[in-house]
Structure formats: C-alpha cells, structure tokens
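First comes the structure, then the notes that go with it.
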Amino acid sequence: MSPDDAGLSTNSVAYVEYKTRLTEHLRKYYGECLGLDEWRVRLSIKRRLARERGGELARILDDLVGLSGTRMLDVGSGWGELLLECIERGAVGSGIELDAEEVAISELLLKSRGFEPRIIEGRGEALPWPDESFDLVTCQQVLEHVDDIERVVSEMLRVTRPGGSMFVSTPNYLFPYEGHYMLKWFPLLPKRVGARILRAKGRDPTFLLEHVNYTTYTSMRRLWRRHRLPARNITLELARSRRHKSTIYRSSVVRRAVLALRLFPNVSWLVTKPPR
C-alpha cells in the first residue's frame, strides 16, 4: 500500500477511479499544457496524490484559527486536497471550482474517505451562498487565474461572517520565477515577451497568455488596505520562525535576503473581517 492509500477504508473503488482520473488530468495539464519534462510531470503527480500541500495548509489553518466545527468554503477547490484535509480535522467544508473535471475528481476523493462532497461548479465572482455563511474562506493559488480579482475578493468577504477569516495565497511575480512553467522569469515580464521565450523553448504560451494574472506581494497588500482589512503575512511569520517548508528558506543567507526585500515566491495572508 502506498502512503497516499493509507487510511482508506470506506470506498476503494472511488479511490481507484480518483487516482486514475487525477493522473490523466494532471498529465494533460503538466505535460501537454505546460510542457514540463516527464520527470517533473511524474514528481508533480506523486505530490498531488500524496496531498502534501493540502496537509501542510490544513495544519497551518488548524494552528491559526482551529478547524473543528468551522464552516469553511474553499474557493477554487481544485482537486480537493485542502478541502479533504480540513474536513478530516473537523471542518464543515464546502467548495467551488470552475473546472468540471476537477469537481468530479475532488468528489471522488471525498467519497473515497467516507465524506459526502459539497462541491459545486462555479466562479468566484458569483458565489451562490448567502451573506455571512462561513467562518473561514480559503483561496489558494487562484486569484492569479480569475477574471476579476476585486470581485472575487468582495464575494469572499461577503460570505465570511463578521470576525471570520480569509486565508489567501498567491504567487509573487516580483520574484524571478514562473511557478506554472517552472522557469526562471524576469519580474513582471511582459506576456508577449514571455510568450516568445516559451515558444523558443518549445513550450506552449497559451496558459500564460490566457490564464495568468501577475499578482504581487505589493498589489495584494494594497488590495487589503483598500478594503480596510487587517491582514497577517503568514509566509513572513513562518519564514522568520524557520517553520516554512519551502527549500528556499533553508539557507540563512537567502532567507535573510528574502525577508529583507519581501521577495517571497508566494505569499499567504490571513485576513480578518472586522466584527460589526
């Protein structure tokens, strides 16, 4: 039994289908769409199946806000890893995802662990829940792909109860790296120039041109200030305390430089909706 199969007890048929569909979906995404090398495709699929990132984020959230009994919404819930890990820690979780295949895959994952999935297909710009429906709203590596960042944030804020939290993570495109294509990248490189570079490397630039917004540390900080929302930079806190899992923070020299310049590859924010 592989590590990602551990703890399975209720619906192994659903889990086998989940692994098959997830692998096919990721191979198309990482291989055909982004043009990653085969070894990177295999490694990315392995990490997705192991739910490494979802488990890490769920532990952070449990420490920050406590998940037991928390009404949670995951905006852009993807393949369901974070949602599952939070539900297993006691959250009452729902999700919304634009991609119909990802909705189906995440439903299989939840069913395989004995949970009734509450995931719908839809957009973050129009969340179909009443005001103040959730204690916690999460949005992980999604705002860089939406049509209207301001609208999505406003909708997330609307469905969060007063005193509740939003946990939002985005890439920082001031950092010299493009995480989707896994390439060194000049900060805020014009997309037309980036597309020419990708084509020269034999890569398809469609994803960059059609599905990427250049989010930055400073643009997100300004967004929270415009909405007058208290926001904690959790990436900064974890890096300072040497608890961040990213390999970039292992070198003390690099860590000091990143912290001094606020040049994070990705930034996670814990945002609090003020009480009435």
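Every read-out reported here was derived from the displayed coordinates using simple, explicitly stated rules and does not represent laboratory data. Just so you know, these numbers come straight off a predicted model, no measurement behind them. In this analysis, Cβ positions are derived from the backbone assuming ideal geometry, glycine residues included, and neighbour counts consider all displayed protein chains.
Here are the numbers for the structure shown:
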read-out: Approximate spin-label separation ARG151-TYR177, in nm, with each point projected 7 Å along Cα-to-Cβ; value: 3.2
read-out: Overall dimensions of segment 1-112 as given by Cα atoms, namely Rg and Dmax in Å; value: 14.2, 42
read-out: Nonlocal Lys pairs with alpha-carbon distance under 18 Å, the chain (8 or more apart, or different chains); value: 7
read-out: Sum of -39500 (n - 2.57) over DSSP H runs of 4+, divided by residues of the chain (222 nm, nearest 500); value: -12500 deg cm²/dmol
read-out: Positive-end residue, the chain charge dipole about Cα centroid, Cβ charges, pick of TYR15, ILE87, GLY179; value: GLY179
read-out: q = 0.13, 0.16, 0.19, 0.22 Å⁻¹: log10 I(q)/I(0) that the Debye formula gives for segment 136-212, counting C-alpha atoms only; value: -0.49, -0.67, -0.83, -0.99
read-out: Assigned charges on the beta-carbon of Lys, Arg, Asp, Glu; segment 161-276 dipole about Cα centre (debye); value: 400
read-out: Long-range HN-HN contacts of ILE120 with modeled amide H, under 5 Å; value: GLY95, ILE96, GLU97
read-out: Integer Hz, Karplus 6.51/-1.76/1.60 couplings in order for segment 75-84, x for Gly and Pro; value: 8, x, 6, x, 8, x, 5, 5, 4, 4
read-out: Dipole moment magnitude, nearest 20 debye, the chain about Cα centre, only Lys, Arg, Asp, Glu C-beta charged; value: 1520
read-out: Karplus (6.51, -1.76, 1.60) ³J(HN,Hα), θ = phi - 60°, over segment 213-219, in Hz, Gly and Pro reported as x; value: 9, 7, 7, 9, 4, 6, 5
read-out: Segment 12-77: C-alpha gyration tensor shape, a/c 1.5 cut-off, then a/b vs b/c; value: prolate
read-out: For segment 82-218, the fraction of alpha-carbon pairs in successive 5 Å shells from zero, as %; value: 2, 9, 16, 18, 16, 15, 12, 8, 4, 1, 0
read-out: Per-q log10 I(q)/I(0), segment 49-94, q = 0.28 Å⁻¹ (Debye; single scatterer per alpha-carbon; no solvent); value: -1.03
read-out: In order through segment 128-133: 3J(HN,Hα) via Karplus (6.51 cos²θ - 1.76 cosθ + 1.60), integer Hz, x for Gly, Pro; value: x, 10, x, 4, 6, 7
read-out: The chain pair-distance distribution - Cα-Cα, 10 Å bins, rounded %; value: 6, 27, 36, 25, 5, 0
read-out: Overall Cα dimensions of segment 172-276, principal axis frame, Å, largest first; value: 50, 38, 19
